[in-house]
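Working notes, beginning with the structure itself.
Computed from the coordinates by the stated procedures, all read-outs in this text should not be read as laboratory data. Keep in mind that this is a model prediction, so the values were computed, not measured. For neighbour counting, all protein chains shown are included, and Cβ atoms are generated from backbone atoms with ideal geometry for every residue, glycine included.
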Amino acid sequence: MGGVTSPAAAAGHDGRDPGLQPERTRLAWRRTTLASTVVAVLAGKAGVAGGASGGVLAAGVVCCVGWAGMLWLAHRRIRGLAGGGEPERLSLRYAAGVVVCVLLTVGGGAGVVLG
């Protein structure tokens, strides 16, 4: 007694479109970049509204450095995904760079708001 077989499985396909994964990954990188931009803009707005002391200015610079690094890394990754075919795996060094940029952006933004 055989099980029910889907037409895609019977034809030798698993029903997945290999082009969708890179597209979802590109969209995720764009969302991360957008979130980083929002943090930097809100930190800048809070810094301007709260006055520009030395600590607030330093935190703003840290936030902007993290934001610029995130933009650069995301753009590089999105460009790498656009090459077609199987994208290369995200290296540990690259992932660590993204984590550092996110922490700089968030930490600098928090420093501006709390400073």
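Points to keep in mind about this one:
- Amide N proximity, the stretch 97-111 versus LYS45 label position 7 Å along Cα-to-Cβ, cut-off under 20 Å: 105-111
- Qualifying chymotrypsin sites (Phe, Trp or Tyr not before Pro) in the stretch 51-108, where qualification requires a DSSP coil assignment and no more than 11 other C-beta atoms within 10 Å, are lacking entirely.
- Estimated from the Cβ-Cβ distance and a Förster radius of 25 angstrom, the FRET efficiency linking ALA28 and ALA58 is about 0.20.
- In a DSSP loop and with at most 15 other Cβ atoms within 10 Å, the trypsin sites (Lys or Arg not before Pro) in the stretch 32-115 are ARG89.
- For the stretch 61-115 versus the stretch 29-48, the spacing of their alpha-carbon centroids is 13 Å.
- On full extension, the segment bounded by VAL106 and HIS75 gains 9.2 nm, given 0.36 nm per residue less the C-alpha separation.
- Taking the three principal axes of the alpha carbon atoms in the stretch 33-115, the coordinate ranges are 50, 20, 13 Å, sorted in descending order.
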